[in-house]
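Asker: If you scroll down you'll find the structure; I have some questions about it.
The values are calculated or read from the model by the stated rules, or taken from the named source; none is laboratory data. Bear in mind that the values here come from a model prediction, so they are computed numbers and not experimental data. Positions of Cβ are backbone-derived with ideal geometry, glycine not excepted, and every protein chain shown enters the neighbour counts.
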Amino acid sequence: MYLGEPVRVLHVEPVVSPVPDGDFPEVAAALPEPRPRPTPRRGAGVPPARRGRPRPTPITGA
Amino acid sequence: MTAPDLATPVGGWRVWRLGADDDGPVLESPLAAASWTPRTAVTAVCHRGCGDAPAWGCSCGLYAVDDPRRLVGGLLHHGILGCTALWGRVVEHGDGWRGEHSYPLVLFVPSPDDEVLGVPVGALTVEQARRAVLRAARARRVSGLGETLGDALRRRYAVPVHVLPVSSPGAFAGHAVGALAGRVRDECVRGLAARRLGDRVAAARLDRAVDRLLEGLRPDLPPLPA
């Protein structure tokens, strides 16, 4: 089969393999379990309540 | 170490011949002694001794074209049409590509299945056609009662399989469906990662593009506006 003149050479590395590995069509690909969130140490005190940012005083008459 | 030119595979149209092994139908090259093992990427090998197929100055590699109407009639009349992914080293030509690795993304079987099992002779010799019929019949028998060729291909290759509304993929040549086929090819590649992760919207987008193409090929509908 004649494809015409060669134009260029591409180096193609797909992020996702085009070859299905059991994840198609009904079952989605298995994603890794989410990492557990850090919890406070035992006996650690209650952290102080965070203050809100001070609001700037409105400037009038400027 | 060189950065890749593309992070998604190149998509192109090609035709496979229908073969069979002990577990069902197998896609084979219509011109070379190569077969696409289900769920395995096929890798090009040069029989002339090129070190890294596809080579620039050789004709080796796995072929695909940008428009299904470029596939010559002899190939289309007895084949399974499909859009394939090419990756690795890919030589881009004016009308298509030669790739290092290939795997189908979507397949189209002529309607009905019996037409495929009958294998219109086309460019095949009578003996070749007879062997193809026997292989296809064998594949149908071992793949389970009532399982159509499309079902067997879908089960083995795990890609969408659609039935063409015409008895031969050669009907592409007589319809103005170039733009619709281009959308299917683009969507096959663009939505690949999302479909693999189970994105139903991406799967529906490909289905819509395929539906539009199949509507354009139906002989009982008026031709699409240009």
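Asker: Where in segment B:1-87 are the strands (runs of 3 or more DSSP E), entirely inside, with at least 3 residues that are free of Cβ contacts under 8 Å to residues at least 12 places away in the same chain, of a type in the set (S, T, N, Q) and surrounded by fewer than 16 Cβ atoms within 10 Å (Cβ to Cβ)?
Answerer: So the answer is none; nothing clears 3.
Asker: A further question follows. Based on this model, can you work out whether B:Gly12 counts as closer than 20 Å to A:Pro20 by Cβ and either within 10 Å of chain A (Cβ to nearest Cβ) or among the aromatic types (Phe, Trp, Tyr) (or both)?
Answerer: When the stated conditions are applied, B:Gly12 passes them.
Asker: Filter segment A:18-39 for residues that are touching a Pro at 6+ places or on another chain (Cβ under 9 Å) and modelled with pLDDT of 75 or more and give the result.
Answerer: A:Pro18, the sole residue that qualifies.
Asker: Follow-up. Would you confirm, using the coordinates I've provided, whether A:Val9 is at pLDDT 75 or above, surrounded by 13 or more Cβ atoms within 10 Å (Cβ to Cβ) and within 14 Å of another protein chain (Cβ to nearest Cβ)?
Answerer: Yes: the conditions hold for A:Val9.
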